[in-house]
Amino acid sequence: MNKLYLKSQIAMRQAEFPTDLKKRENELPVDCGKIVTIPGVRRCGKTSQMEAVVNSLLSRGVPPEQILWVSFDDERLVRMSSEDLNQIIEAYCEMYPDIPIASVYMFFDEIQLIEGWEYFVMRLYKHYSKNIYISGSNASMLGSELKSALRGWPLEEETLPLSFREYCGFKGIKTDSWLEADLAKIKNAFFAYNNDGGFPEAVLTDNPLHKARILQTYFDTMLLKDLAEHYKLSNIEVLRYYLKRIMANLTKPTSVRAIHGDIKSRGLKVSKDDLYLWAGYACEIFMFLRISNYSKSLQKTESSQPKYYCIDNGLRDAVLLPRSDDDGKKLENTVFLQLYRKRTPLDRIFYYQGKGECDFVVQRGTEIDRLIQVCWDMEDHETRIREINGIAEAARATGCHNLFIITAEATDEITTDDGLTIHVLPAWQWLLQ
């Protein structure tokens with residue numbers, strides 16, 4: 001690695017600060033004494049979250065020269081080995097010999113692309129600086145591997161695409177007003193958000209064709225770089241078809257066995273074991289998040305068919321093309337992402353499937369905290385009865401009486417024959433709670 005290029009990148013990034021940023025709900029901690037890891041799907045705003053820390057440091061009087069920022073999503077740096085990483089510190093110290101390295105704030109963007117990076121970071125933390133921020137697009141590399149190497153020192157700050165509140169902020173829509181005109185804007189924004197998703201670059205793009213191209217590019221990058229290249233997968237077309245099948249099956253339990261049979265019937269070759277691995281890899285790069293069927297038996301929960309939720313509705317639409325009957329599926333996906341975004345370390349999210357179904361069972365610690373059903377509208381009598389019966393059955397099975405049905409627009413309070421109270425809320429209101 002040419003040390004001159006490293007110096008050039010460090011200097012260029014310092015010259016670009018401070019950055020003009022849209023505000024996010026959650027800010028990264030500053031001076032917490034831990035390695036701060038920021039895992040999340042590509043292009044969801046991880047870099048901007050770190051740039052917000054830099055802006056905060058500059059506002060406190062920290063000079064730009066005291067900030068070391070290296071982006072590894074660069075073909076010249078991807079070729080680095082773990083042994084080369086020390087040249088970054090050497091290059092910085094040659095640039096600023098009078099700045100104590102212990103006072104330097106270090107930002108490493110997409111560092112997981114370098115094999116063996118965690119030991120470099122551990123060495124920095126132990127011997128040089130306690131101000132280290134790391135972003136990456138792979139859950140396992142910024143989770144178990146780093147935690148194993150650093151024995152619990154990292155602080156994880158997972159980042160997702162924009163929440164609805166953040167989406168409104170990016171669009172300049174007030175969410176703290178009860179004026180009729182403002183509420184109308186919020187409701188209209190919800191319908192757009194449920195379709196468009198929350199990738200910041202796409203949200204800030206008004207041209208629908210340009211937006212679709214951006215999101216299709218994200219999918220192709222995840223497919224070719226994060227999955228095929230990183231995990232050394234060669235069966236690209238089967239992988240592409242498989243990911244689309246999972247996306248199309250949104251809100252339903254997914255049978256890998258059934259998809260495998262479909263792929264075989266098309267004359268394509270792939271093993272069931274590979275399909276199980278690929279689904280896990282897709283979750284590790286945050287393309288999908290999965291949940292299991294709730295049961296008091298751990299064995300039944302672990303052996304149940306999972307449901308896969310897509311990290312972004314806009315991404316899914318760009319890949320599959322939108323369908324007229326998808327509004328309810330996308331609403332359920334939106335609700336799941338909010339539950340996942342706002343979960344505490346004690347929370348686990350399941351679905352319930354018995355004779356009836358309930359979309360989400362939220363467990364906090366050892367207790368079931370909430371049951372949530374999602375339904376686009378309940379005007380049809382059969383739909384209304386099905387949704388009520390499903391959540392009521394789940395309430396009897398779990399003992400939880402904190403019951404909600406999230407809809408596109410309806411507000412109601414339902415009392416069942418056996419005395420259960422179900423709160424019906426419009427999604428825009430629930431998302432802003």
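The values are calculated or read from the model by the stated rules, or taken from the named source; none is laboratory data. Predicted model, so just to flag it, every value in this text is computed and none were measured. Glycine gets a Cβ as well: all are built from the backbone with ideal geometry, and neighbour counts include every protein chain shown.
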Members of the range 285-322 that are in a helix (DSSP H, G or I) and crowded, with 20+ Cβ neighbours inside 10 Å: N313, G314, L315, R316, D317, A318, V319
Among residues of the range 28-55, those that are touching a residue at least 40 places away in the same chain (Cβ under 8 Å), surrounded by 15 or more Cβ atoms within 10 Å (Cβ to Cβ), of a type outside the set (G, A, S) and not in a helix (DSSP H, G or I), counted: 11
Qualifying residue in the range 56-67 (condition: among the small types (G, A, S), under 26 Å from D226 (Cα atoms) and surrounded by fewer than 19 Cβ atoms within 10 Å (Cβ to Cβ)): no
Matching residues, the range 46-58, being farther than 18 Å from V104 by Cβ and either touching a Gly at 6+ places or on another chain (Cβ under 9 Å) or among the hydroxyl-bearing types (S, T, Y) (or both): K46, T47, S48, Q49
Checklist (1) among the charged types (D, E, K, R); (2) more than 13 Å from S135 (Cα to Cα); (3) part of a helix (DSSP H, G or I) applied to K22, failing item: (3)
Some residue of the range 340-363 being among the hydrophobic types (A, V, I, L, M, F, W, C), in contact (Cβ under 8 Å) with a residue 12 or more places away in the chain, buried (at least 17 other Cβ atoms within 10 Å of the Cβ) and not in a strand (DSSP E or B): no
Answer from F72, F17 - the residue that is aromatic (F, W, Y) and surrounded by fewer than 16 Cβ atoms within 10 Å (Cβ to Cβ): F17
Given (1) in contact with a strand residue (DSSP E or B) (Cβ under 8 Å, 6 or more places away or on another chain); (2) not basic (K, R); (3) not in a helix (DSSP H, G or I), number of the condition I246 does not satisfy: (3)
Candidates M106, M141 - the one that is at pLDDT 95 or above and either loosely packed, with under 15 Cβ neighbours inside 10 Å or outside the structural domain of C283 (by TED's automatic domain parsing) (or both): M106
Candidates A228, A181, A189, A149, filtered to the one that is aliphatic (A, V, I, L, M), assigned to a helix (DSSP H, G or I), at pLDDT below 95 and closer than 27 Å to I38 by Cβ: A149
